[in-house]
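The values are calculated or read from the model by the stated rules, or taken from the named source; none is laboratory data. None of these values were measured; they are calculated from a predicted model. Neighbour counts are summed over all protein chains in view; Cβ atoms, including those assigned to glycine, are modelled from backbone coordinates with ideal geometry. Protein only, heavy atoms only, side chains kept; ligands, DNA and RNA dropped before computing areas. Shrake-Rupley method; radii C 1.70, N 1.55, O 1.52, S 1.80 Å.
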Amino acid sequence: MVIIKFIFLAALSLLILLLGMPNVEQGRQEARNALAFNQAQKIKTGELPPDTVDPWDHAFDIEHTPSNGTIVTFHGANGTSPADGFDADDISTSMSNPPHKRTMTRKQTQIFATLALSLCPWLIAWIFRVRSKRMGLQIG
């Protein structure tokens with residue numbers, strides 16, 4: 001009976017891991033966003049020329065601020081941005097949390113949650129075992 005419980009708990013934990021884990025490799029969109037952000041940073045520092053094109057063959061927008069700063073913006077795969085700011089695929093050197101970093105944070109959170117959830121069957125089984133031993137001691 002113990003072997004069957006162990007196999008069941010192991011299979012359940014493995015199933016949780018298989019279904020819950022994100023792809024650790026960058027997807028195509030994520031890799032292009034990371035490349036575009038790195039290119040924008042290099043354009044800002046002067047390592048790349050201002051006429052460098054993004055991974056979708058669009059030109060970067062370069063804006064010079066009054067304080068002699070430079071902001072390089074990439075309008076994403078759709079090539080446009082809303083008038084009131086950025087949409088989900090836009091990247092700018094003025095962003096503190098660009099899309100590829102948000103995706104990385106989401107994946108890290110998903111990995112942690114999946115690992116914690118895969119331990120739950122073992123924790124529940126341990127709690128039931130401790131509880132049944134306590135009950136056995138109280139009855140005996």
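Here are a few things to note about the model shown:
- Cross-link reach is defined here as a Cα-Cα straight distance under 13 Å, omitting same-chain residues fewer than 8 places apart; for residue 44 the aspartates and glutamates meeting it are 61, 63.
- Gyration tensor verdict on region 32-77 (Cα atoms; rounded if a/c is under 1.5, prolate if a/b is larger than b/c, oblate otherwise): prolate
- Prolate/oblate/rounded call for region 1-106, Cα gyration tensor, a/c under 1.5 rounded: prolate
- For residue 42, a cut-off of 28 angstrom between C-alpha atoms picks up these lysines, skipping any fewer than 8 places away in its own chain: 101, 107.
- Farthest towards the positive end of the charge dipole of region 1-124, among the residues 92, 48, 8, is the Cα of 8, using unit charges on the Cβ of Lys, Arg, Asp and Glu.
- The chain, helix-only ellipticity at 222 nm - DSSP H runs n ≥ 4, -39,500 (n - 2.57), divided by all residues, nearest 500: -20000 deg cm²/dmol
- Under 5 Å, built H, 5+ apart or other chain: amide partners of residue 92: 74
- Residues in the chain average 71 Å² of solvent-accessible surface per residue, probe 1.4 Å, ligands and nucleic acids excluded.
- Annotation for residue 120 and residue 45: the two label points, set 7 Å from Cα along the Cα-Cβ direction, are 4.4 nm apart.
- Annotation: residue 51 carries an accessible surface of approximately 120 Å², with a 1.4 Å probe and no ligand, DNA or RNA atoms counted.
- 3J(HN,Hα) from dihedral phi, region 51-64, Karplus parametrisation 6.51/-1.76/1.60, rounded to Hz, x for glycine, proline: 8, 5, 9, 6, x, 9, 6, 9, 7, 7, 8, 10, 10, 9
- Accessible area per residue (1.4 Å probe, heavy atoms of protein chains only) ranks 86, 8 as 8, 86, with the largest value leading.
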